[in-house]
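Notes follow once the structure below has been shown.
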Amino acid sequence: MLLRRALSGALIVAAAFAAGAAPPSAPADAPPAAGPKVLRYAFVIAETGFDPVQVSDLYSRTVVANIFEAPLTFDYLARPYKVKPQTAEALPEISPDFKRFVFRLKRGIYFADDPAFKGKRRELTAEDYVYSIKRHYDPRWKSPNLYLLENARLLGLSELRKEAETKKQPFDYERPVEGIRALDRYTFELQLAEPAPRFHQRIMTDAAAFGAVAREVVEAYGDKIMEHPVGTGAFMLSEWRRSSRMVLTRNPNFRELYYDEEAPADDPRSQAIARALKGRRLPMVDRVEVAIIEESQPRWLSFLNRQSDFMERLPNEFAPAVVPNNKLRADLSKRGIVMDRAPLVDSTFAMLFNQDHPVVGGATPDKVALRRAIALAYDSAEEIERVRKNQALPAQGIIAPTVYGHNPALKSEMSDHDPARARALLDMFGYVDRDGDGWRELPNGEPLVLEVATQADSLSRQSAELIYKGMKSVGLHTAFKVAQWPENLKASRAGKLMIWGVAWSAETPDGDTFLAMGYGPNKGAANHARFDLPAYNALYIQQSRMPDGPQRQQLMDEANKLLIAYMPYKISSHRIATDLMQPWVIGYRRNAFVREFWKFIDIDAAAQQKARQ
C-alpha cells in the first residue's frame, strides 16, 4: 500500500513506457527536481582502475567510458547501430583506399578541472588524441588494447615502441610519426599501412580504450594514473573505495549537449523515450553511485528494497521467478518496475584452453583430440537451462548474433554434448586409465589433471560443478583453483592458466572483434587462448582488410570453422541480458556499444525520494 501511494505518479509514466505510449513531454528546460537526481546501482565484479590505456574488464570500462570521450560514438537508440560524431565535428574524411582518416574536433570542449592544470581551463585539442593513441604503444603502460592498433598497422608507431623496448629507454612521445599527427589545433590524421574499412568504427568509437587523456594529468600522477581519471565526459570520479563503492558526479565543465537520439520506427518504447527526452540537456542526473555487490541475493534484495534504482542483468537464478516465460512477473509490473531484455552481444567460453600449456595446448592430433573430447563432455544445453536459466542462446561458433559476420545457418560440433564420442576420442589417442583409479592418464602414462581457474561467486561455482560433472562422465580428473576475477584475468593474459571460463563482449557491431580472439599476434590481449595457427592468421588479416560483402563473409565463416576444428575455446552460449528499472528511472535501453549510457538516463527524484521514506 505504501509503495502504491508513494509511486502513483511514476507508475503512470512507467506504464505508458511499457505500453509504448509517449509519456508527457518535458520541456527542454525542465523544472528543478526535488533534490539532486541520483542513479544508484551495483556492479557484480569489482573495478580494476580508470586509465583507458590500462583497463580491459567490462566494469572498469563502463566507468571509464562515462568519464572520457572518443571522437565518435554510437547513437544510443538507433537500430541498426549507427556511428555518429561525439567530440568530432563530423564523421572522418576517409581516403578511397581506407588508409587515411582525418578527424576535425569541435571547439570549446574542456576537461574536468584538476590540479594538474594549475587553475586553468584545459581545452581538448587534436594533440590530446595523438598523445592518447601513442600511450598505447608505450611499453610502460602494458596496454591490453594495443593489439587493435597494431593490427591496424599505424605507420611508424610499432617501430617506435620496438626501439624503446630494445634500447630500454622511455618512449619518445615527441618524435613525429606518419601514423598519427595533429594537422592543426583541432585536426588530426591517422595513416595506416594496410586498408582498414572499419577502423573508425572499431577504434575511434571506444571511449573506454581510446578516449582523450591530457598529458599533464598523466605526468602529474604517473603510476597512480589508474586512480585519477580526468576526461571531457559528462561525469567525473568524486569518491572511490576500491572494490566497494564509486561515486561519479556531473562534470561542471561538460559542454552544452542535448538529447537527440534516433529511435527505430518499429520500436514504440524507444520512440516514446526519444519524444519525452528530446531537447533535454545532458547529463540529466547529477550523481551516479555504484556499489560492488558480487553475490546475487544481496544485489537482488537491494533492488527489491528500492536501495538501487537499476538492476543491470538480473541474476540468472532469479529469472524463472521474476521473468517467467521471459515476461515480467505481474506483481512487479504493477509496482511500476520496467524490464528491458536484449542480447549482450557476447560469446561465453565455458573453457578456454591455454595453447602454450603442455597438457591442453598444441596443434598435434592428440592435443586437438583432447580439447574436442573435453568440449563434447561439457553440456552447454544444461548450462543454459540450469545455470543461465534460459537467459542465453546456444553457440555454434565464436561470432555472436546481431553483429556482422554471424552466420545463423551454421550448425556445428560446438554445441554438441556427446560423452560417448568424447570417450572414443580419448581412447583412440591414448588417454586411458592405466592404474584403475577411475581417471585417465596422458598417453605417456603420466597423470592427467585438468586445472581449471574459477572464482568464488555463485555463478562460477555452478559452472565449475557442470565442468566437474562433464569431465567425470568421461574419466577426466579436474582440479579447481579459486581466485578473484581480476587476478585470473591478469594470470590469463600472462599465459599462466591452463583452463578458464570467461566471456567476451563485442566492442563494435562487427564479427572481427570475436575473430581477434584467435589471431596469433593478439596473445596476451584478446587472444586469451594463445592460439596461433598460420592458416587462421592469414584468414583473419584478409577479412579485416576487405569491405563488407559476400567475399568477406565467406572468409569469416572459414575462420570460424577453424576455431571449431582446433577448439582453443569451448564456446557455450551467447547471453541475453534482462535489466530492471524502478518506476522513476526514465530513458534506459540497452545498447551493447554505448557504455557511456548514464548521461541518457533521467530520474524522477520526487518519486524516488517518496519511495524510500
Cα extents of segment 200-329 along the three principal axes, largest first (Å): 53, 39, 30
Just from the alpha-carbon atoms, what are the Rg and Dmax of segment 378-480 in angstroms? 16.1, 50
Starting from the Cα of residue 561, draw a straight line to each of the lysines and keep only those under 24 Å, dropping any in the same chain fewer than 8 residues away. 367, 411, 523, 570
Over the alpha-carbon set of segment 54-205, divide Rg by the Kirkwood Rh and report the Rg/Rh ratio to two decimals. 0.96
To the nearest µm²/s, what D does Stokes-Einstein give for segment 147-207 at 4 °C and 1.567 mPa s, using the Kirkwood radius over alpha carbon pairs as Rh? 102
At a 1.4 Å probe radius, carbon and sulfur cover how many percent of the accessible area of the chain? 53
Among 100-108, 211-219, what's the highest-first ranking by average C-beta atoms within 10 angstrom per residue? 211-219, 100-108
Sequence ranges 574-584, 296-306, 338-348, ranked by mean other-Cβ count within 10 angstrom, highest first: 574-584, 338-348, 296-306
If I model segment 260-316 as equal point scatterers sitting on the Cα atoms and use the Debye formula, what is log10 I(q)/I(0) at q = 0.13, 0.23, 0.29 Å⁻¹? -0.55, -0.90, -1.08
Share of pairwise Cα separations in segment 456-613, more than 19 Å, in percent: 69
Compactness of segment 189-273, expressed as Rg and Dmax over alpha-carbon positions, Å: 18.0, 50
Please state, rounded to one decimal and in Å, the Kirkwood hydrodynamic radius that segment 409-536 gives when every pair of distinct Cα atoms enters the mean of 1/r. 16.9
Percent of Cα-Cα distances greater than 25 Å, calculated over segment 132-249: 29
So what's the projected area for the chain, the Cα convex hull averaged over all directions, in nm²? 28.0
Would you mind getting the Kirkwood hydrodynamic radius of segment 275-377 from its Cα pairs, rounded to one decimal in Å? 18.4
Here the gain from full extension of residue 253 to residue 326, 0.36 nm per residue of separation minus their alpha-carbon distance, amounts to 22.1 nm
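The values are calculated or read from the model by the stated rules, or taken from the named source; none is laboratory data. It should be emphasised that the depicted structure is a prediction, and the values quoted were computed from it without experimental measurement. Positions of Cβ are generated from backbone atoms using ideal geometry, with glycine treated the same way; all protein chains shown enter the neighbour counts. Each accessible area value is taken on the protein alone, full model and side chains, heavy atoms only, with ligands, DNA and RNA left out. Shrake-Rupley method; radii C 1.70, N 1.55, O 1.52, S 1.80 Å.
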